[in-house]
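This report refers to the structure that appears directly beneath it.
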Amino acid sequence: MADIIAKLAQVVTSAQIAINAGSAKGVKRGDRAVIFRVVNIEDPDTKEPLGSVRVPRLVFKVTSVVDNFCLADVETVDVDNPLASNVFSAVSIGGGRVKLTTGPATGLNSASVKIGEEITIQGSEPALDKT
């Protein structure tokens, strides 16, 4: 399956989100949904931009799929992401679990998301080697 670009539609519970893509777009239970952050790379001597890379910031596992949306549970959080206020936030709690809140992120293991933020859905099945 090719990646599907979708958006965060709603925070459903303290550990689950709704995404605006479902089976009609090829989403399947077990797929991974990723919110990336962009890291700009620059030359340390000249400070000129060399390019950028996308780093996973939040990773979700799709748990339920209907025709036009899916539900996904938080799996991992990038703790290096800067905190932001007035957005939905994922806060890591005991046992490696993640809790979604509607206020500013607090604590060291935090990452923030916004309704409408882009999400890349990646298939759960490994790609076949076609060589």
> For a label point 7 angstrom out from the Cα of T63 toward its Cβ, which stretches of the stretch 20-49 have the backbone nitrogen within less than 19 Å?
Replying inline: 20-23, 27-35
> Taking the mean number of other Cβ atoms within 10 Å as a proxy for protection, how do you rank 17-27, 43-53 from highest to lowest?
Replying inline: 17-27, 43-53
> By per-residue mean of other Cβ atoms within 10 Å, what is the highest-first order of 30-37, 116-123?
Replying inline: 30-37, 116-123
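Read-outs: derived from the displayed coordinates by stated rules, not from any lab. Keep in mind that this is a model prediction, so the values were computed, not measured. Quick reminder, even Gly has a Cβ in these numbers, built from the backbone with ideal geometry, and neighbours come from all protein chains shown.
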